[in-house]
Structures are given as structure tokens and as C-alpha cells.
1. Can you tell me how many residues within the stretch 107-139 are surrounded by fewer than 18 Cβ atoms within 10 Å (Cβ to Cβ), more than 12 Å from Leu150 (Cβ to Cβ) and either among the small types (Gly, Ala, Ser) or modelled with pLDDT of 90 or more (or both)?
2. In the stretch 81-128, what residues are over 24 Å from Ile47 (Cα atoms) and of a type in the set (A, V, I, L, M)?
3. Could you go through the stretch 71-79 and let me know if any residue there is assigned to a strand (DSSP E or B), modelled with pLDDT under 90 and either farther than 21 Å from Ala176 by Cβ or small (Gly, Ala, Ser) (or both).
4. Return the residues of the stretch 12-59 that are hydroxyl-bearing (Ser, Thr, Tyr) and either more than 18 Å from the chain's Cα centre (by Cα) or closer than 18 Å to Gly121 by Cβ (or both); say none if nothing qualifies.
5. Go through Gly228, Gly182, Gly214 for me and flag whichever is surrounded by 14 or more Cβ atoms within 10 Å (Cβ to Cβ), closer than 27 Å to Ala152 by Cβ and modelled with pLDDT under 80.
6. Can you name every residue in the stretch 86-96 that is part of a strand (DSSP E or B) and either modelled with pLDDT under 95 or buried (at least 16 other Cβ atoms within 10 Å of the Cβ) (or both)?
Amino acid sequence: MTTFSINDFVSQTKQDDAENEFFELETPRILEVNLTDRVWAKAGSMISYIGQIKFEREGILEHGVGRMFKKAFSGEGTSLMKAEGSGRLYLADQGKKITIFDLNNESITVNGNDLLAFEPGIEWDIKLMKKVAGMLSGGLFNITLQGTGLVAVTSHYEPLSLLVSPGEPIITDPHATVAWSGHLQPEFRTDINLKTFFGRGSGESIQMEFSGEGFVIVQPFEEVYSEGRNS
């Protein structure tokens, strides 16, 4: 059994006061944002902050009428908050591991529940998965981010990147799929027998099929959603 004095514990776990990058991993599961202007983050992800920072929930017309209607269909999972001001902001989401991507005029599509934060200069849009709206409850949306800047994505445990090659499609479980190349367009397929075979009850097993060339990021955990919220 490992024990600590209070001073030793505080010394080993205290925040790093050296401000360097805009996004920094304070721990593998806590993101530090060295804020000087603005950042978009998942609503409810703030765990602490130092400085003069104001929080505002995303306005219904903040990103245009088109996205407003998409948000009405995709539930609370896409809700964002805007943090403005100067200071250090700490973000986390249910103890999930955080990965920071530095986009260089690139695009990535992220499961709506797995997007933690992104720089305000990044362009984004919600992509609804209408084909499976009646098959999966919640979690039916993805967010495509494009441009140059930082994007923080969360996953349960360590993520795995699978390479998609022409003629060799990758099949994934939607509940374990975190993100993929922005240009890939997944197709949805069902397998009536697979779910029963693994003893998970009757009904159809929904799968995502990625074809072309790119990557898919999966996690060793099936995240189940209900009405746009993590259940």
C-alpha cells in the first residue's frame, strides 16, 4: 500500500503553473486551456478555473439557423459552452482519456459525445445519422471539424486507430467509434444474428462500415446513449 503525507501528495499532483500551449494535458484526463480570448467546450465539462473567465451556453442562433434545427434533432449531446476571458481553464468529461489533435488545414469527424473542446477558428458542422434514427436511441450525430487549430477529443481508456484502405473496409460498433477521417462517409448495416450470437438479446446489431482511404479511431468501451445523453 502506498501512502503519502499531505505535503507530498499536493506536491506530486499540483497544477503546472508554467503556461505554454493553448491546450495542454495537465493529466491524461484533465485538459488545461491557457485562455486569452475564447474557446468552445462541451457544456458541463468545466471542473475548475483560475482568472477572469465568463461562461455562456451556446445561443440558439449562435451558429446559424441550419445548425439550430440540427441541434433540435440531435439532443443535448451537442451542447456547447463558450468560455471567454483570461486565465487557466480545466476541462474533463467523466474521467475519459483526452487526446489533442493539431489540425493543419485538415478535417476530422468526431462522435458528438466525444468532443471536449476546440479553438474558435475551427469550422464545424453537425452531421445527423438519419438512417439509424429509429435503431439507436441517442448518439445519432457526429461533428465534422475542419481548418487549422487544436481539437480535444475524449475516449474511454486508450484509443486505437484503424487504417482504412481501398478494397479493405473497416467495420465498427457505433458505440465504440470515437472519430474518423473527415472525408470518410460511413455506411450503416445491420446483422440480425450477431447480437443474438453474443447473448445480447434479440434484434438487429447496427454496424458502421468505412470504405476508401483514411482512419477510424475506436475505444475499448461501448458507450450507450439515451436521448442524446450518456446513460
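The values are calculated or read from the model by the stated rules, or taken from the named source; none is laboratory data. The model shown is predicted, which means the values in this text are computed figures rather than measured ones. Backbone-built Cβ (ideal geometry, glycine too); neighbour counts: all protein chains shown.
1. The qualifying residues number 5.
2. Within the stretch 81-128, Leu103, Ile108, Ile126, Leu128 qualify.
3. no
4. Thr13, Thr36, Ser48, Tyr49
5. Testing whether each residue is surrounded by 14 or more Cβ atoms within 10 Å (Cβ to Cβ), closer than 27 Å to Ala152 by Cβ and modelled with pLDDT under 80 leaves just Gly228.
6. Pass one, the stretch 86-96, residues part of a strand (DSSP E or B): 86-91.
If the condition is that a residue be part of a strand (DSSP E or B) and either modelled with pLDDT under 95 or buried (at least 16 other Cβ atoms within 10 Å of the Cβ) (or both), then Arg88, Leu89, Tyr90, Leu91 are the ones that fit.
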